[in-house]
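The values are calculated or read from the model by the stated rules, or taken from the named source; none is laboratory data. Since this is a predicted model, take the numbers as computed values, not measurements. We place every Cβ from the backbone using ideal geometry, glycine too, and count neighbours over all the protein chains shown. To get the accessible areas, we keep the full protein, side chains included, count just its heavy atoms, and leave off ligands, DNA and RNA. Shrake-Rupley method; radii C 1.70, N 1.55, O 1.52, S 1.80 Å.
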Amino acid sequence: TIKARNSQWYVTTGIVTSHTYNAVTGNSTFTFEPASRYNFEVGWPFFFQNMTRAVDLPGEWAFNSTSNILTIIPPANVADLNNALVEVSTVSSQSISRGRYIIIKDIQFAAQGTGLTLVECSNIIINNCTFNDQQNSGLVLYKTNNSAITNGIFHNMQLSGIQGSLNSNILIEGGLFFNISLLPGHQPNQQGSCIQVDGYSITVRLNNISNSGYNGVAMGSSQNGLIERNYIHYTNRVIHDGGGIYIWGCPNITIQNNIVTDIV
């Protein structure tokens, strides 16, 4: 695939269909088909992803899904790959559908597609849990209400820390969020935020949020939301046209007493 920054707020994707190399000029020509909502633009930076011939530095890898062959150069601190510890997740994600009055406490969700998804749930308490190293988001909420996520740790997600839509009466409080959506081009559009939960009466307070590829806290098409007393710093590290706090289409929302610094 080819990835390109064709705007301030989007990383677009193309599927490479052919490649020719001119040995005389040393130039390569790639043909590709756009696979994102925005077209490629002349003059914007681009790079190739999952390209076997480009694997030449420690920590780089590429996977050929046709041959099921993984090409990898181990990190510099791994002396012998044959004796290295390799951890592989056997579960792509955990999910709860239409759950009621459940407490989830002191659990680590690590190295999956998505850590945990709640669908049409209510009265859920998630306390003191850690979500880390997810391919997508740590926690996803959909049509969930009257629930609280407190004292959680969310880090090293490729999309968002907490992501959700069509929810109501959700509290996100006392969490630590860092290193979210920082790998350019890993997700289709790179529009991941540390917290992005939409709906009615969403409260985001007393969270420490840092090192985000896009927004710190994002909220859209929501009513009666409250964003207060959060410390938000070092956001928009990969794409721009966002902010430490980024909202749209939100009547009756209150934003107060937050500290927002070092927005790239």
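Brief remarks on what is shown
- Whole-number accessible area per residue in Å² for the chain, which is evaluated in the context of all protein chains at 1.4 Å: 53
- Projected-area average for the chain over all orientations - Cα convex hull basis, square nanometres: 16.6
- Taking N as its residue count, the alpha carbon Rg of region 139-264 over 2.2 N^0.38 Å: 0.93
- Rolling a 1.4 Å probe over the protein heavy atoms of the chain, with every protein chain left in place, gives an accessible area that is 51 percent carbon and sulfur.
- Euclidean distance of C-alpha centroids, region 241-259 and region 12-87, integer Å: 37
- Solvent-accessible area of PHE46 with every protein chain in place, 1.4 Å probe, in Å² to the nearest 10: 130
- Gaussian network model of the chain, springs between alpha carbon atoms under 10 Å - residue of GLY244, GLY164, GLY43 with greatest fluctuation: GLY43
- Cα gyration tensor, region 184-252 - rounded (a/c under 1.5), prolate or oblate: oblate
- Intensity falloff of region 65-151 expressed as log10 I(q)/I(0), Debye formula with alpha-carbon point scatterers, at q = 0.24 Å⁻¹: -1.22
- Simple spin-label estimate for SER18 and ILE253 in nanometres, 7 Å along Cα-Cβ: 4.7
- Dimensionless Rg ratio for region 9-144, taking C-alpha atoms and the 2.2 N^0.38 Å reference: 1.48
- Residue with peak Gaussian network fluctuation, the chain [Cα springs, cutoff 10 Å], from GLY242, GLY174, GLY59: GLY59
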